[in-house]
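Nothing in this text is a laboratory measurement; each read-out follows from the coordinates by a stated rule. Remember, predicted model here, so these are calculated numbers, not experimental data. Neighbour counts run over all protein chains shown; Cβ positions are idealised from the backbone, glycine included.
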Amino acid sequence: MNAIKMTAPDRAAAPDAPVSSRRLMRRLWRDELARHKLRIMAVMVLTALMAIFSALYPLVIQRALDMFADHDPRILYQVPILVVVITVAKAISQYGQSIAVQSLVLVVIRGLQGRMFHHLVNADISRIETEAPAQIAARFTTDAVSIREAMIRATNALGDAVTVVGLIASMLYMDWELSLIAAVLYPIAALPVRRLGKRLRRESGGVHEQIGETSAMLAESFGQSRTIRVYRLEAEEEGRAARVLDILHDRLLRIARGRARVDPMLEVLGGIAVAAVLGFAGWRATQGGATLGDFSGFVAALLLAARPLRALGTLNIALQEGLGGLQRVFDVIDEPVAVAQAPDAISLPAGGGNLCFEQVAFRYPDGRMGLSGLDFVAAPGLTVALVGPSGAGKSTALSLIPRLHDVTGGRITLDGVDLRRLILSDLRDAIAYVSQDTLLFDLPVIDNIRMGNPKATDAQVHEAARAAAADAFITALPQGYGTVVGPGGQRLSGGQRQRVALARALLRNPRVLLLDEATSALDSESEAIVQQALTHLRHGRTTIVVAHRLSTVRSADLVVVIAQGQAVECGTHDALMEHDGLYARMVRNQAFTL
């Protein structure tokens, strides 16, 4: 049977071209910012007040110098009072604006992170498994930081722009001729700064990807610490770390050099503008021009405008880096999902868990064939053991039942309904799964078990733990059922983790039970207890076991032998031994653990 083409995105495809800044900002407004109009209004009002108070300083200086020249006695109280009032008012508005900006930016970042996590936690398993966890986590950290910095800079730029406008108004009021000189010189820097910003946006994309790769390498190295020490791989790991850290260092240095060019460029241009103004003002003074107050107030306004003008000049750099991070976040959010609920999905009908594989085919996103024409029926109350050589497709077949992947050919039915026609939550609520390599959540033991049924009482949790031969070791832990198991459950042994996971499955009371040799890490005594519990649990339910132990295979009602993605033999242990085919050869060659 020809396999149907996969609909999942090819992760090896070339990345899309950068989205335009205008489109990204429009989408950010539509998706996130538009929900927080009151916060935005508060930011704008407080920013305008802060800018207005900043623009009043040159007028106060002008007033003070004119009064000083005229020997006006009001200078003793009027000017100091004005300075104190303006300073206090600006400080209050500046504090409020800072809080309002941070609140707005953080709530927007939180919204983006929430949407991205929602997508990833519901994304196809193939999508998650093709990227290292540390690289995925970088989307929530490094990209979020660059977006946050860009948004803060952009919001503060509004205040800088209003401040500059106010100062320009003050300068025009005091001396329009000098204002024209400054207005001609400052915008000259806009073109090179803009070109530099575009280049840094490209560089920042590579840096964030390299940060993810570096984090993935470090996490892998620390996770394999025992292997590294036993096999004396310290030098090799140091070399590998040196290579990825050198690449990251070089990319960060390129960005630092690019950023470093902006401030000196603007500083020189600002100095030229001030020098030109002073030169023209000096020439005009020799001709009997403006008053000392006008000149001093203008220079003060020009110097006060230097900082916000420099901030506006460097804004494009931070903005482009933030837009690069924003594009990567939206790329994740926009990824199509191959395993999705059908628009006309139906509820799971009543039944005992009759599971049927009909000419099932599955092809991995990279083109490898996982299953081809797999056929078997698992009736309610029966235990079906899937056996076969390594890589035959046993675990792949198991993953298709809860729709971690979707079939690419044929179909799987549960109680007569194609799995793809069912409401996804109904399907998964009817399934419990225990893998061979069990990882737990960094939560108390009782919470890890209760995940099987969040509504279960403590008594029901304890009963499930006893059935899974876990109660004895749990009660011996320092805080009993309240003991936190550590990341991945590392504070427990492999067998203990597996019994906790089995207790979780027992608590779920599923219609279909999936076991990837769930008793493989247990000692003989615990395995006998668990097998007894499983015998009771299997009654009236479908149980699919990927079997590696001969004891598990012997107790199965049906053995399905898979080779090269197909069911090549089906029957009981005794019948298959009499058939003297692949299964019999595997038993004789001790392919199963006794």
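Here are some notes:
- Put simply, when 116-127, 26-37 are sorted by average Cβ atoms within 10 angstrom per residue, most first, you get 116-127, 26-37.
- Euclidean distance of C-alpha centroids, segment 335-377 and segment 485-505, integer Å: 29
- Charge dipole magnitude, Cβ of K and R +1, D and E -1 - segment 308-456, Cα centre, debye nearest 20: 80
- Using only alpha carbons, segment 53-152 has a radius of gyration to Kirkwood radius ratio (Rg to Rh) of 1.42.
- Sorted peptide list for 149-156, 473-480, criterion being average Cβ within 10 angstrom, highest first: 149-156, 473-480
- Amide H contacts under 5 Å for residue 32, placed H, 5+ residues apart: none
- Amide proton proximity set for residue 489, modelled H, under 5 Å, gap of 5+: 440
- In sequence order, calculated HN-Hα J values of segment 428-442 (Karplus, 6.51, -1.76, 1.60; Hz; x Gly/Pro): 6, 5, 8, 10, 10, 9, 10, 8, 6, 9, 8, 10, 9, 8, 6
- Whole-Å distance, taken between Cα centres, linking segment 445-465 and segment 115-154: 32
- Couplings 3J(HN,Hα) for segment 94-102, derived from phi with the Karplus relation 6.51 cos²θ - 1.76 cosθ + 1.60 (θ = phi - 60°), are 5, 4, x, 5, 4, 5, 5, 5, 4 Hz, where x marks Gly and Pro.
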